[in-house]
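Data block below; observations after.
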Amino acid sequence: MSGHTPKGWQWTAPILPLVVDAAVVIVVRMDSTLARLGGDGGRWPTVLRWLTGIMTVLLNVGQSALDRDRVGVAVHSVAPLLLIVTAETSLAYRRAITAAVAAREAAERAERAERERRAEEDRRRAREERIADFEAAERRERERRDHDATLAREQREHEARILREQREESVRREAFEREEKERREGAVRAERERREREVSERERREREERLARERHEREAAERARQELLSGGPVAEKLTEQRAREVAGAACAAGLPQRQAVELTGWSAGWIAARYQELRDPQAQPAAVLAST
């Protein structure tokens, strides 16, 4: 590589062999890990192994081949060829070892599972025997308790019958009192609901009257505004009070100030001041000064 590198770049000659050697180490180590895990990388790992092997052979025998030295070619190709064959053989060995180890582990797991199954079966039988003995003793004890419980139950039933009759009488009395109380509460509730309905109806009528009054006032104001604006242009100035009313109606209707001047006969400045007063009440003193 050094002999075939341009002058001044001989220091880069070792880079290519190092890259090829690193690729060889990487592919061998990755194949080892993949074989240990039982996986298959496909055809690309094989292509990479052979590619790196061929590159190693070419780098080793290149100079001898250029010099037509067959002996040098043969001698220098021994190591890379052994490397290629060793990589392929070690991969096969690793796969075979992995398969053998996996088979042995599977056999050991199966044997261990069988031992555990037999032990579980023995434990189950012993547990069933203990349960059977316990159930027999429990059955005898239960029969004795049932006899004693029968006698006690008969006594309790007699006492319970007396208590039940007393409770039924108390329940009937409480039911009568509860019905009487509910009847009184229902009457009070009905009276309260009636009063609430009357109040609600009165409020509804008042609200409707207020809405009707407001609508009537709005309609009256609209008619007054239309009446003020229906006069058309005037030949002489209106009185100040009349002119203020017309200007207010024009401003509320959104008419331009020029039309308000025509309707009142007053100056544009005075109309602008009135519009300003209506739009901004706080500016009224300034508007008065402007109008004067």
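The values are calculated or read from the model by the stated rules, or taken from the named source; none is laboratory data. It should be emphasised that the depicted structure is a prediction, and the values quoted were computed from it without experimental measurement. Cβ: placed from backbone, ideal geometry, glycine included. Neighbour counts: every protein chain shown. The protein model used for the area step is the full one, side chains on, heavy atoms only, and it has no ligands, DNA or RNA in it. Shrake-Rupley method; radii C 1.70, N 1.55, O 1.52, S 1.80 Å.
Taking only the Cα atoms of the range 64-221, the ratio Rg/Rh comes out at 1.68, with Rh defined as the Kirkwood radius.
Under the rule a/c < 1.5 gives rounded, and otherwise a/b versus b/c splits prolate from oblate, where does the range 29-147 land using the Cα gyration tensor? Don't skip to the answer; put the middle values down first.
Details: a/c = 11.64, a/b = 6.05, b/c = 1.92.
Prolate, because a/c is 1.5 or more and a/b exceeds b/c.
Based on the Cβ-Cβ distance of SER90 and ARG130, what FRET efficiency does E = 1/(1 + (r/R0)^6) give at R0 = 41 Å, to the nearest 0.05? Computed FRET efficiency for SER90 and ARG130: 0.10.
Over the range 75-177, accessible surface divided per residue gives 84 Å², non-protein components excluded, 1.4 Å probe. Along the range 195-201 the Karplus relation, 6.51 cos²θ - 1.76 cosθ + 1.60 evaluated at θ = phi - 60°, assigns HN-Hα couplings of 5, 5, 5, 4, 5, 5, 5 Hz to successive residues, with x for each Gly and Pro. Between THR46 and THR239, the distance separating the two model label sites (each 7 Å from Cα on the Cα→Cβ line) works out to 11.7 nm.
Expected output is a single nm value to one decimal: the length gained when fully extending between ARG202 and ARG279, i.e. 0.36 nm times separation in residues minus the C-alpha distance. What is it?
23.8 nm
Expressed as a fraction of 2.2 N^0.38 Å, the value expected for a compact globular protein of N residues, the C-alpha radius of gyration of the range 137-211 is 2.62. Using the Karplus relation 6.51 cos²θ - 1.76 cosθ + 1.60 with θ = phi - 60°, the per-residue 3J(HN,Hα) values for the range 50-60 come to 5, 4, 5, x, 5, 4, 5, 4, 5, 5, 7 Hz, with x marking Gly and Pro.
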